[in-house]
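The values are calculated or read from the model by the stated rules, or taken from the named source; none is laboratory data. Note that the structure is a prediction, hence the values are computed from the model and not measured. Methodologically, a virtual Cβ is constructed for each residue, glycine included, from the backbone with ideal geometry; neighbour enumeration extends over all protein chains shown.
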Amino acid sequence: MIVQNWWITTALKHNDGLCLPLKQNIECDILIVGGGMSGISAAAAFIGKGLKVVVLEKNVLGGSSSGRSAGFLTPDSELELSQLVRRYGLKKAREIWDIPTKGITKIKQNVERFGLSCDFRVQDSLFLGIGKSGWKDVKDEMESRHAVGFTNQQLYDRKTLSKLIQSEGYSGGVVYDDCYGINPFQYLQGMKKVLIENNIQVYESTEVKQIKDNVAYTHAGSVKAQTIICAIDKMQHSFNPVADEVFHAQTFLSISEPLNDKELHDLFPSGKEYQMWDNTLVYSYWRLVDGNRLLLGGGSALTSFAKHAHYKPDVISGVHQNFKKHFPYLKKIQFIQYWPGLIDTTRDLLPTIVRDKSNPNLHFILGVVGLPWASFCGNFLAENILGTAHTDDQKYFTYLSDRRYFALATYWEKILGKSILFSLNNLWAKYYQKDEKHQFGENDQDF
């Protein structure tokens, strides 16, 4: 295996071009810093609004976390519906689940409206359980979906699961539809063309060094804007103290050589493909992509919250070995490329959108896990700026530590270190948190 992002490899089939870096001082109405899913979704919301919009990206659009992701378009990110029900009750869990669903709809609309070539494919979600605890998890998920009012799910036990996939070691699974897979890098590069065609200025290879007042400074230029949206990952405290509210989790992705017809039939005997993940703490996840290749991701408990990124192939090789135990007929399949990714997350696994405390014209999108959430957050913030957003969505994630309840506050970082602080908070939020006494305020708003 070589260390290389497969999504960028697929870009060789396209001629998206490179936007030149900023080398002058300019002014605009809206500046968006960051060309991932959040930033580009925000930019797209300003199309046709009569505003001068500029996008700055230090890499290329989709060159960071969004364009390194697995391309799962499912409301699940790090939290299953059953976990949301435990934390917030049926009504609020349904409302939170609907938020990334809106993000999926927005991506799908853009693909269809602009004719984007990005391997957009229908892939129902299949959540798989391992052992007795796994069977309990999938049953809990099924019961939660019924309880909140969903009707588009079906439960499979160990025996009936063979109708969907040929595998060993899974005790059952739950399936639900309205989910998709996408090549995120091609999507964002395709959206770049859309933005440019709609007179939005895009500058790649342009890192913002600092933001002071309403001016963003780069190495060779600057942008003065009435409103600034900062949608970047792996932010440092020196850039803005709001960076203390997020930390990264590390995962790995890999791509296989093409599967042959027999392997495809064995994997999906019904002819219908699924995007899948299991119920383990550091879960594995996989789906089929263009060229009948298998995209497989996962990690380890030792590296997920490590202070520094891990690049060696040992972690993903362990994921491959475990995967092939469940799918022994794929044991000869080789994975040709792998790449690490650092995903920003908050302490409770829900994103944060907030204004800068000293500058009400500077907005941040932070800790967004999953493309659907990122799609929603970017569009939602833009609509807030335009005055067209639905405020009912705000109460769940537009708060920092003084408005959201966490197991451990930020001051524990001095004792535990940031990686341990976030790993413990994430573990508690995912498996133990109950918020009966710490519900979100109904009337607090940051906009």
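Quick one: count up the residues across the stretch 152-166 that are in contact with a strand residue (DSSP E or B) (Cβ under 8 Å, 6 or more places away or on another chain) and part of a loop (DSSP other than H, G, I, E, B). Of the residues in the stretch 152-166, 4 are in contact with a strand residue (DSSP E or B) (Cβ under 8 Å, 6 or more places away or on another chain) and part of a loop (DSSP other than H, G, I, E, B).
A count restricted to the stretch 102-157 and to residues that are of a type in the set (Val, Ile, Thr) and under 27 Å from Gly89 (Cβ atoms) stands at 5. Every test in (1) under 24 Å from Ser284 (Cβ atoms); (2) buried (at least 20 other Cβ atoms within 10 Å of the Cβ) is passed by Arg87 save one, and that test is (1). When Phe239, Phe247 are screened for being closer than 30 Å to Ala301 by Cβ, surrounded by 22 or more Cβ atoms within 10 Å (Cβ to Cβ) and aromatic (Phe, Trp, Tyr), only Phe247 passes.
Conditions (1) at pLDDT 95 or above; (2) under 21 Å from Leu362 (Cβ atoms); (3) out of contact with any helix residue (DSSP H, G or I) (no Cβ under 6 Å at 6 or more places or on another chain); (4) of a type in the set (D, E, K, R), marked per residue:
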site: Gln4; (1), (2), (3), (4): no, no, yes, no
site: His14; (1), (2), (3), (4): no, no, yes, no
site: Pro21; (1), (2), (3), (4): yes, no, yes, no
site: Gln24; (1), (2), (3), (4): yes, no, yes, no
site: Glu27; (1), (2), (3), (4): yes, yes, yes, yes
site: Gly36; (1), (2), (3), (4): yes, yes, no, no
site: Ser41; (1), (2), (3), (4): yes, yes, no, no
site: Ile47; (1), (2), (3), (4): yes, no, yes, no
site: Leu56; (1), (2), (3), (4): yes, yes, yes, no
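Residue count for the stretch 92-140, restricted to those that are without any contact (Cβ under 8 Å) to a residue 40 or more places away in the chain, in a helix (DSSP H, G or I) and over 20 Å from the mean Cα position of the chain (by Cα): 6.
Just so you know, in the stretch 10-37 the residues that are surrounded by fewer than 15 Cβ atoms within 10 Å (Cβ to Cβ) and among the polar types (S, T, N, Q) include one that is nearest to the chain's Cα centre (by Cα), and it is Asn15. Of all the numbered requirements in (1) farther than 24 Å from Trp286 by Cα; (2) without any contact (Cβ under 8 Å) to a residue 60 or more places away in the chain, Ser41 misses one, and that requirement is (2).
Taking the criterion of being touching a residue at least 24 places away in the same chain (Cβ under 8 Å), part of a loop (DSSP other than H, G, I, E, B) and more than 30 Å from Gly71 (Cα to Cα), would at least one residue in the stretch 198-205 satisfy it? Scanning the stretch 198-205, I find no residue that is touching a residue at least 24 places away in the same chain (Cβ under 8 Å), part of a loop (DSSP other than H, G, I, E, B) and more than 30 Å from Gly71 (Cα to Cα), so the answer is no. For the stretch 231-271, a residue qualifies if it is assigned to a loop (DSSP other than H, G, I, E, B) and in contact with a Gly (Cβ under 8 Å, 6 or more places away or on another chain), and the qualifying residues are Ala231, Ile232, Asp233, Val246, Pro258.
The residues on offer are Gly134, Gly129, and the sole one that is crowded, with 22+ Cβ neighbours inside 10 Å and on the phi < 0 side of the Ramachandran plot is Gly129. Scanning the stretch 406-433 for residues that are out of contact with any Phe, Trp or Tyr (no Cβ under 9 Å at 6 or more places or on another chain) and either among the β-branched types (Val, Ile, Thr) or modelled with pLDDT under 85 (or both) yields Ala409, Thr410, Tyr411, Ile415. Can you name every residue in the stretch 279-302 that is over 26 Å from Thr9 (Cα atoms) and crowded, with 22+ Cβ neighbours inside 10 Å? Within the stretch 279-302, Asn279 is the sole residue that qualifies. Checking Tyr311, Tyr329, Tyr283, Tyr338 one by one, the residue that is of a type in the set (Ser, Thr, Tyr) and assigned to a strand (DSSP E or B) is Tyr338 and no other. For the criterion of being free of Cβ contacts under 8 Å to residues at least 24 places away in the same chain and over 19 Å from Val3 (Cα atoms), Lys312 fails.
Conditions tested, residue by residue: (1) on the phi > 0 side of the Ramachandran plot; (2) out of contact with any Leu (no Cβ under 8 Å at 6 or more places or on another chain); (3) in contact (Cβ under 8 Å) with a residue 40 or more places away in the chain; (4) of a type in the set (Ser, Thr, Tyr).
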residue	(1), (2), (3), (4)
Glu168	no, yes, yes, no
Asp178	yes, yes, yes, no
Met191	no, no, yes, no
Ile211	no, no, yes, no
Thr218	no, no, yes, yes
Thr227	no, no, yes, yes
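A search for C-beta distances below 9 Å between a residue of the stretch 355-370 that is among the acidic types (Asp, Glu) and any residue that is surrounded by 15 or more Cβ atoms within 10 Å (Cβ to Cβ), counting only pairs 6+ apart in sequence or on different chains, returns Asp356/Ile211; Asp356/Ile228; Asp356/Cys230; Asp356/Asn240; Asp356/Val242; Asp356/Leu362; Asp356/His363; Asp356/Phe364.
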